[in-house]
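The values are calculated or read from the model by the stated rules, or taken from the named source; none is laboratory data. Everything quoted here is computed from the prediction, not taken from an experiment. Methodologically, a virtual Cβ is constructed for each residue, glycine included, from the backbone with ideal geometry; neighbour enumeration extends over all protein chains shown.
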Amino acid sequence: MNNLSYSECIIVYALQWPETYAIEGLYNQVSPATQIEPCFSPESLIELLEAYTTAPVILGILPHESVILLSRLTHYLQQRRILFFGQKFNYADRVVPFYFLPMDIEFIEWTNNTPKKILPILSSFIIPEAVKPDIDKNHPTPLLPSNADELIYHVNIYIYQMLSNYGVGKQSRRVLLMLASSLSIRKIAKILDINIKTVSLYKLKGLYRLGMGTSSYDVYRGIFVNTLLQQYRPDDKCHQKMEFPSNQVKKENNKNLLLLIQALDQEIDIAEHFQ
């Protein structure tokens, strides 16, 4: 039995089971006496959250591909310390959790971090806090629609609203959102009536503000929540890996993102690209 007054244990869940064991192994180095409760499915995670109602939680998931799961966990994650542990977190990853949980949330990226750097952070996570997690009382109650597409729609609106808090200007915001919707730089230049080099400049400025890489992969995953990337669906009892989406499904998804951009920014006209 550990001596933590804040909780009886630490709950660990990761999408990839080796990561769950890795976190457990790191804690065995930090504090062998700390009780670690690993789990390997959303169902077992919820069972542990119900059993240990104040235990801190470490989640080895990427929030931008776990919106449906976070929606399901929202009720159980209130009033806890929460830490996301992963290879790398983009802008969407760092914003999405706050849509559901208006409190202090910690992130550890293990890319370019040695165990020597990670261990002190994990160690601080098990130190009892004198007060409960700081909750933002002015944060609006999140809408949690049962329909996945509607949920993602509202989360993306929140993501869009937070861009200005990171210092991303209007034109950079437009460029990044349209790039995330798979529009080419040439098409974006035409829509905004600017040259291609200027589009690239706005892209780089926006990504710099967000602390992100500049690859197409970073933009596709890091700006919007994408329905096609969701790793958890409650109706998939086997939680099997999703099939690679067809081109038609991709086009429909991009169209939905463009419709959202048009609704959020009516000063630009991208209707011709809905085809």
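The single residue among Ile23, Ile36, Ile46, Ile108 that is touching a residue at least 60 places away in the same chain (Cβ under 8 Å) and over 12 Å from the mean Cα position of the chain (by Cα) turns out to be Ile23.
Filtering region 123-145 to residues that are under 20 Å from the mean Cα position of the chain (by Cα) and either under 20 Å from Tyr160 (Cα atoms) or modelled with pLDDT of 85 or more (or both) leaves Asp136, His139, Pro140, Thr141, Pro142, Leu143, Leu144, Pro145. When you scan region 51-61, do you find a residue that is within 19 Å of Ala148 (Cβ to Cβ) and in contact (Cβ under 8 Å) with a residue 40 or more places away in the chain, even just one? For region 51-61, residues within 19 Å of Ala148 (Cβ to Cβ) and in contact (Cβ under 8 Å) with a residue 40 or more places away in the chain: present.
Report, by residue number, each residue of region 57-82 that is under 14 Å from Gln231 (Cβ atoms), aliphatic (A, V, I, L, M) and not in a loop (DSSP other than H, G, I, E, B). Scanning region 57-82 gives Leu59, Val67, Ile68, Leu69, Leu70, Leu73.
Here is a yes/no grid of residues against (1) part of a helix (DSSP H, G or I); (2) modelled with pLDDT under 90; (3) surrounded by 15 or more Cβ atoms within 10 Å (Cβ to Cβ); (4) not assigned by TED's automatic domain parsing to the domain that holds Leu229:
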position: Met1; (1), (2), (3), (4): no, yes, no, yes
position: Leu26; (1), (2), (3), (4): yes, yes, yes, yes
position: Ala33; (1), (2), (3), (4): no, yes, no, yes
position: Leu49; (1), (2), (3), (4): yes, no, yes, yes
position: Ala55; (1), (2), (3), (4): no, no, yes, yes
position: Phe84; (1), (2), (3), (4): no, no, yes, yes
position: Val96; (1), (2), (3), (4): yes, no, yes, yes
position: Asn113; (1), (2), (3), (4): no, yes, no, yes
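Could you count how many residues in region 163-193 are touching a residue at least 12 places away in the same chain (Cβ under 8 Å) and not in a helix (DSSP H, G or I)? Number satisfying all stated conditions: 6. Cβ-Cβ contacts under 9 Å between residues 6 or more apart (or on different chains), taken from a first residue in region 69-81 that is surrounded by fewer than 21 Cβ atoms within 10 Å (Cβ to Cβ) to a second residue that is part of a helix (DSSP H, G or I) and of a type in the set (D, E, K, R), are listed as Tyr76/Glu50.
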